[in-house]
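The values are calculated or read from the model by the stated rules, or taken from the named source; none is laboratory data. It should be emphasised that the depicted structure is a prediction, and the values quoted were computed from it without experimental measurement. Here the Cβ positions follow ideal geometry from the backbone for every residue, glycine too, while neighbour counts run over all protein chains shown. Areas reflect the complete protein model, heavy atoms only, side chains present, ligands, DNA and RNA absent. Shrake-Rupley method; radii C 1.70, N 1.55, O 1.52, S 1.80 Å.
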Amino acid sequence: MEKENMIAAYQLMITDIRQIIISGQEYAYNAASKAMVLTYWQVGRRIVEQEQEGKERAEYGKALIETLSGELTREFGKSYSKRNLQYFRKFYLAFPDREIVNACVHNLNWTHFRSLLRVSDEDARIWYLHEATSEGWSARTLDRNIGTQYYYRLLQAPQKEKVIAEMRQKTEKYQENKFELIKNPVVAEFLGYRAEDAFAETDLESAILSHIRDFLMEMGKGFAFVARQQHIVTDTQEYYIDLVFYNIELKCYVLVDLKMGTITHQDVGQIDMYVRMYDELKRKEGDNPTLGILLCSETSEDIARYSVLHDNERLFMSKYLTYLPTKEQLRTEIERQKEIFYMQHPTLQERGGARDE
């Protein structure tokens, strides 16, 4: 009986400590998130104030953001890129009343506000702002509701309860895991950390990516490492590209995406989308088209797929493959890294082996 009481007391202690840790994590996330949002709002306000002093506002504003971006990214990192500074400016113009931002920032993070910037109708934007705050919507829930015109559908619906019930049912899964803490690369970047190896979990995927990075730089010709888990933002979504290189010989970016399973048509579409996005957002004058490499961790004939858009098949076949490891070399390296990983983590061997069959 005494032993059972000790076990029960221990379990109660574990439950209490878990809750203390979770509360601390949420507090830390909320504090960092709030500071980030208010900082971005103030940066946007300062940019607008400076623009208003310029004689030729459009040209002055463009030059101002260009110059600011160069200065700030050198000191504070890519959170202050030209694109992001434009977002901060737009953020202030969309919500010039600081009291509104202060009232909502305890429940909303920067991803929420960036989604709200897509809403041109001011009435709808303010409604989404207050609804997301009062209902505790996650950023994904808000993004989905904006994309599906939830405000206008609810406004016109004779039976609003059905529209609300449907929305809650369809966004239920989006409400989970709302607090990502320092694992969130956006928060990490704001705090001055590099969202690369230090934030990757020690798992099979991370191990394979680390060694594929080194393998490409050793076996490929002219590879220079650019970033890991590179954060790419569009007007509607944000993405994280596993590995990014620049090939000096080919004069092009090379993107690597790893999938922990059999490659699907959706995965193929995603790497093609990454290539297109990179060409649009990052490719500079004189660069050749971006190349994408899609890998999977299962042994199959589709272990690697190379992707290059813009109908450059001749360029791809005659030149690109000369500087890249073959599919067989990539397959061998992935299998080798899996064996090393499972030797180091024997308890995962059974689960990993079952997944590879």
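In terms of solvent-accessible area of protein heavy atoms at a 1.4 angstrom probe, what is the ranking of Glu285, Glu205, highest value first?
Glu285, Glu205
Near Asn288, the amide H atoms lying under 5 Å from its own belong to Cys252; only residues 5 or more places off or on other chains count, and H is placed 1.01 Å from N. Under 5 Å between amide hydrogens, built in the peptide plane, is the criterion, and for Gln230 it picks out Ile241 among residues at least 5 positions away or on other chains. Under a no-solvent Debye model with one identical scatterer per Cα of segment 5-89, what's log10 I(q)/I(0) at q = 0.16, 0.23 Å⁻¹? The Cα Debye sum returns log10 ratios of -0.70, -1.05.
I'd like the Kirkwood hydrodynamic radius of segment 228-285, using the inverse of the mean 1/r over distinct C-alpha pairs, in Å. Spell out each step's value before the answer.
Working: mean 1/r = 0.0813 Å⁻¹.
12.3 Å is the Kirkwood radius here.
Under a Cβ-Cβ cut-off of 14 Å, what is the net charge of the residues other than Ala165 that fall near it, where Lys and Arg count +1 and Asp and Glu count -1? Charge balance in the 14 Å sphere: +1.
If you add up the charges near Glu71, with Lys and Arg at +1 and Asp and Glu at -1, over every other residue whose beta carbon is less than 14 angstrom from its beta carbon, what do you get? Surrounding charge for Glu71 is +2. Determine the distance separating the Cα centre of segment 234-284 from the Cα centre of segment 25-40; give it in Å without decimals. Computed from Cα coordinates, the inter-centre distance equals 30 Å. Taking the square roots of 5 times each eigenvalue of the Cα gyration tensor of segment 61-165, largest first, gives ellipsoid semi-axes of 32, 13, 12 Å.
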